[in-house]
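Just so it is clear, none of the values below were taken in a lab; they were calculated from the coordinates. None of the values given here were measured: they were computed from a predicted structure. When we count neighbours, we look across all protein chains shown, and the Cβ atoms used for this are built from the backbone with ideal geometry, even at glycine.
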Amino acid sequence: MTPPAPDAPPVASAEPSVDADRSREVEAPPRRRGEPTAMLSTLAAFSRQVFAIAWAETRKLRRDPMELFTRAVQPVLWLGVFGVVMSRSRAIPTGDLPYMDFMVPGILAQSVLFVAIFYGISLIWERDLGILHTYLASPAYRSALVGGKAISAGVRAVAQAVIVGLLAALMGAHLRLGLLPLAGAFVFVVLGAAVFSTFSLVIACLVKTRERFMGIGQVLTMPLFFASNAIYPLTLMPHWLQVLSRANPLTYQVDALRTLMIHGGESAMGLGTDLTVEGAVLVLLVSVAARLYPTAIQ
């Protein structure tokens with residue numbers, strides 16, 4: 001048998017070559033690079049769902065615009081009666097800040113609270129009308145359903161903020177009208193409304209009836225309002241009430257609004273703390289509400 005020619009091609013081996021391994025190593029990263037794209041696609045779908053729910057909820061205001069004006073009656077009474085009387089009596093010490101200026105952010109936060117805390121009754125109406133079943137049968141994220149309703153409550157609260165701000169300006173309150181203070185106040189108004197509307201949705205998922213929901217909502221509003229710094233400083237409270245006040249999200253909303261809206265307003269906790277607490281409470285409540293949402297139809 002003659003030996004193979006020197007220029008004969010080498011015999012193919014059954015084992016993978018080093019070049020093949022290197023080619024597989026080069027081809028692997030493009031598949032990993034697709035993961036961020038999938039995350040962005042999921043985030044975009046989530047954002048679209050939140051916007052769709054928020055838009056559908058906000059359009060309800062067009063059918064009943066008088067709701068905004070009827071909800072403005074209570075802030076008018078608080079500022080026009082209580083604020084004027086307490087300003088003249090000077091019974092509540094607020095330092096160098098006039099009491100009317102001190103009170104305006106608290107009444108705005110109160111207005112936001114009263115609008116948002118009863119927002120969960122819409123969930124009960126949707127269940128009775130069969131709309132909630134349609135939402136839950138859709139492929140939408142449960143957290144997107146909750147987030148869309150929270151943003152819609154924020155839009156309603158902004159309308160209340162405009163009414164309260166105009167009334168306060170007419171009554172001589174020293175408001176800060178710069179772009180950054182107004183933008184910051186807008187953020188905290190929306191954030192506060194989102195917190196309490198989501199809290200309201202949690203209550204609606206638990207009680208499931210309109211009568212019980214309205215009773216619980218009425219019981220909660222006044223303790224949340226009076227256990228905050230809305231109409232008097234924290235330093236005037238007894239120690240036990242100060243502890244409760246610092247566990248109340250409304251306290252942090254009022255603290256931020258007072259700093260951003262009023263000339264001479266100072267934050268007792270710091271804007272960073274206010275934003276962190278409000279944001280953390282909102283994330284927690286959205287998670288709880290999204291988990292409880294399917295149980296509302298049971």
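Worth pointing out:
- At the listed q of 0.10, 0.12, 0.14 Å⁻¹, the Debye profile of the range 209-298, built from one uniform point per Cα, gives log10 I(q)/I(0) equal to -0.35, -0.49, -0.63.
- In this rough spin-label picture, where each label sits 7 Å from Cα along the Cβ direction, the residue 158-residue 128 distance is 3.1 nm.
- Full-stretch length increase - residue 81, residue 211 - with 0.36 nm per residue and alpha-carbon distance subtracted: 43.7 nm
- Per residue, the convex hull spanned by the Cα atoms of the range 48-203 measures out at 128 cubic angstrom.
- With neighbour counts taken as other beta-carbon atoms within 10 Å, the residues 255, 96 rank, fewest first, as 96, 255.
- Hydrodynamic radius of the range 77-146 per Kirkwood, over alpha carbon pairs, in Å: 15.5 Å
- Amide H contacts of residue 262: 176, each under 5 Å away and 5 or more positions distant or on a separate chain (H built 1.01 Å from N in the peptide plane; Pro and chain starts excluded).
- Extension gain from residue 40 to residue 90, taking 0.36 nm per residue of separation minus the Cα-Cα distance: 12.4 nm
- Label zone (residue 263, point 7 Å along Cα-to-C-beta; backbone nitrogen cut-off 17 Å) within the range 130-168: 166, 168.
- Karplus-derived HN-Hα couplings along the range 166-182 (A = 6.51, B = -1.76, C = 1.60, θ = phi - 60°), whole Hz, x at Gly and Pro: 5, 5, 5, 5, 5, 8, x, 5, 8, 8, 8, 10, x, 5, 5, x, 5
- Cα-based shape type of the range 136-253, given that a ≥ b ≥ c are square roots of the gyration tensor eigenvalues and the cut on a/c is 1.5: oblate
- Neighbour-count ranking [beta-carbon atoms within 10 angstrom, fewest first] of 164, 155, 81, 50: 81, 155, 50, 164
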